[in-house]
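J.: I'd like to ask you about the structure that follows.
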Amino acid sequence: MNAITHQLIKRISLIFVLLASLLIGGTIIFHRLEDWTWIQAFYFSVSTVTTVGYGDLTPSSDPSRLITSIYALLSIPLMFLSIGIVGEVVFARYHDRVAKRKGHSIRKRHR
């Protein structure tokens, strides 16, 4: 694994820790603000972060709506960023493999 791939994997780890923290934090906040069960609060947090938003659970008060707006503004870009970084890692690993194959075939031709 080259240095670039290693750096990208470190970034993925950091972003997934941040996403997990946001999901846990959102679950705790929505559990308390909306008096939802833990499963309902987690489900709402996940559906908000993934932009699915089924609509079966909705914030019922203005403070909850405000918190949900801030939560969405923080967590949705982080989710898209994590997807982009995973794509970078996949591309970098694929590029490394292709470069190694081409390097082997070039060496064989010159011998």
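Every number in this text was worked out from the coordinates using simple rules, so none of it is lab data. Note that the structure is a prediction, hence the values are computed from the model and not measured. All Cβ positions, glycine included, derive from the backbone under ideal geometry; neighbour counts span all protein chains shown.
J.: Starting from the Kirkwood radius over alpha-carbon pairs of region 9-65, derive D by Stokes-Einstein at 4 °C in a medium of 1.567 mPa s and give it in µm² s⁻¹.
T.: 109
J.: Now for a separate question. Residues with beta-carbon under 14 Å from that of L57, excluding L57: net charge, scoring Lys, Arg +1 and Asp, Glu -1? Display every interim value, and only then the final one.
T.: Details: positive: R65; negative: E34, D35, D56.
Here the charged neighbours net out to -2.
J.: Another question, if that's okay. Just to confirm the number: angle between the C-alpha axis of helix 38-49 and the first principal axis of the chain, 0 to 90 degrees, nearest 10?
T.: The answer is roughly 50 degrees.
J.: If we count every other residue with Cβ under 14 angstrom of T68's Cβ, Lys/Arg +1 and Asp/Glu -1, where does the sum land?
T.: Spelling it out: positives minus negatives among the neighbours equals 0.
J.: Candidates (i) 1.58; (ii) 3.48; (iii) 1.02; which is the computed Cα Rg over 2.2 N^0.38 Å?
T.: (i)
J.: Pairs of alpha-carbon atoms within less than 8 angstrom and 6+ residues apart define the contacts here; what relative contact order does the chain have, in percent?
T.: For the chain, the relative contact order is 32 percent.
J.: Another question, then. Nothing charged except the Cβ atoms of Lys and Arg (+1) and of Asp and Glu (-1): what's the magnitude of the dipole of region 1-76 about its Cα centre? Round to the nearest 20 debye.
T.: 380
J.: Expressed as an acute angle from 0 to 90° and rounded to the nearest 10, what is the orientation of the C-alpha long axis of helix 3-34 relative to the principal long axis of the chain?
T.: Result, in degrees: 10.
J.: Give me E88, E34 sorted ascending by neighbouring Cβ count inside 10 Å, so fewest comes first.
T.: E88, E34
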